[in-house]
Amino acid sequence: MNANRSIFQTGVLYLCDNLRIMSALPENIIDLIYLDPPFFTGKERRARSRIKESDDSFGDKWGSGIEGYIKWLSPRLIEARRLLNSTGLIYLHLDWHAVHYAKVEMDRIFGYKRFINEIIWRYRTGGVSKNMFARKHDTILAYSKSQKYRIEPWKEKAYTKSRYRKAGRINYGSGEAEFFSDSNGVYNFVNASDVWDIPYINSQAKERVGYPSQKPESLLERIISSSTRKGDIVADFFCGSGTTGVVAQKLGRRWILADQSISALEVTRMRLRQVPVDNGNMKGNNEITIHKC
C-alpha cells in the first residue's frame, strides 16, 4: 500500500492496523490528528459495549519493554507528521507510564521547537494508594508541523485578589482590560490554561458505551473546537469507540477513523449514525461504511 498513496476519503471507518492506512494516505491532507494509543500499562483491556453485543479486548503488554513500545509508536508518529498539512496539529494522549519517553521521540520527529503544550487532563476516579499521591491525570502532548499552526484558546474567568478592583474597564496606559463581577468576586477573561478539569465518564453517563479507554466528549470538544474550523479534516487512528468522530461530526468537521477491532468500529458506526451532519442542512448520515484494508 505504501507505493500507491492514493486512498483518500473522509467519512469512512478503516478496519486495519493503523500504520497500513496511515502509510497509504497522501501527505499534507489532515488538519488535526488525535492519537490515543495503548498507554504501556502492561494489562489486557476488555470492553463490553452497552449499545452493541460484543466482548472486545486489546492488548497493552510489551515484552520488549519501553524500548519496544517506542519502537512501535515511532513509525506512527512519523506518518502522522507526513499526513499533517503545514498548519496541522497533533495531540498525543498518554499517561505517566510512557509519556516522557514519547515526548523525547516527538521532539526528535517533529522538532523541539514544534512543541506547543503539555496539557494536563485532571479528573477524579475511584481507587487510591496508601503509599503515594493519587494518580488522577493524563497528559496530552500538542505539537505542530510548522510555526504556521493555529490554536484559538477559549476564555475562562480569572478572579482578582485585589480588594480594590471594581467591575468596569481599566486603562493601564499600554492597553485596556475589562472586569466583571459575580457572586464569587471580580474577574476578567483570560486564555484557558493547560490544566483541564474535566470529569471522567461515570458509570451512569448517557455517552458511556462500555469501552475502558473511552474519553469524554467534552475533552475532544475542547481539542477539536480550538484547533480546527468547520470543514477541516480530523483523524483518529486509534479510534476505539469513536468519540473523536462523534465530536468532529457534531462540530461540522470531516473525519478519518481507523481501528483494528471490528467491534470497536461497529460501535463507532452506531454512534455516528445518531449524530446529525453539520453541512448546512443538518441531514443525518446513514451511509457510513467500514473499509477493510
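Laboratory data are not the source of any read-out in this text; all were calculated from the coordinates shown. Source: prediction; values computed, not measured. For neighbour counting, all protein chains shown are included, and Cβ atoms are generated from backbone atoms with ideal geometry for every residue, glycine included.
The table below gives the values:
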read-out: Cα gyration tensor, region 59-141 - rounded (a/c under 1.5), prolate or oblate; value: oblate
read-out: Cysteines without a disulfide-compatible neighbour (Cβ-Cβ under 4.7 Å), the chain; value: CYS239
read-out: Overall dimensions of the chain by Cα: Rg and Dmax, Å; value: 20.6, 67
read-out: MET270, MET106, MET132 arranged by Cβ crowding within 10 Å, fewest neighbours leading; value: MET132, MET270, MET106
read-out: Dimensionless Rg over Rh [region 98-168; C-alpha; Kirkwood]; value: 1.14
read-out: For the chain, the longest site-free run once chymotrypsin sites (Phe, Trp or Tyr not before Pro) in DSSP loop states with at most 14 other Cβ atoms within 10 Å are removed; value: 173-293
read-out: 10 Å Cβ shell holding at most 15 others, DSSP loop, GluC sites (Glu not before Pro): longest site-free stretch of the chain; value: 54-206
read-out: Nearest-0.05 FRET efficiency for GLU287 and ARG122, computed from C-beta distance (R0 45 Å); value: 0.70
read-out: Table column - 3J(HN,Hα) (Hz), region 86-102, Karplus curve with 6.51, -1.76, 1.60, x for Gly and Pro; value: 5, 9, x, 10, 10, 10, 9, 9, 9, 9, 4, 4, 9, 4, 5, 5, 5
read-out: Most mobile listed residue (GLN204, GLN249, GLN260) in the chain, GNM with C-alpha springs under 10 Å; value: GLN204
read-out: Extension gain from SER129 to GLN9, taking 0.36 nm per residue of separation minus the Cα-Cα distance; value: 38.5 nm
read-out: Over the chain, relative contact order from alpha-carbon pairs under 8 Å, at least 6 apart, %; value: 24
read-out: Those residues of region 240-280 whose amide nitrogen sits under 14 Å from the label point placed on LYS230, 7 Å along Cα→Cβ; value: 249-254, 277-280
read-out: Cross-link reach list, aspartates and glutamates versus LYS103, counting only Cα pairs under 18 Å and skipping chain neighbours closer than eight places; value: ASP36, GLU67, GLU79, ASP95, GLU118, ASP138, ASP194
read-out: Förster radius 41 Å - calculated FRET efficiency between GLU178 and TYR101 (Cβ-Cβ, nearest 0.05); value: 0.40
read-out: Mean residue ellipticity (222 nm) of the chain, computed from DSSP H runs ≥ 4 via -39,500 (n - 2.57), nearest 500; value: -7000 deg cm²/dmol
read-out: Note, ³J(HN,Hα) from phi for region 198-206, Karplus 6.51, -1.76, 1.60, rounded to Hz, x at Gly and Pro; value: 10, x, 5, 6, 7, 5, 9, 5, 5
read-out: 4 °C / 1.567 mPa s Stokes-Einstein diffusion coefficient of region 132-172, Kirkwood radius on C-alpha pairs, µm²/s; value: 82
read-out: Long-range amide H partners of SER181 with built H, under 5 Å; value: TYR187
read-out: SER203 paired with SER64, simple spin-label distance in nm, labels 7 Å along Cα-to-beta-carbon; value: 3.9
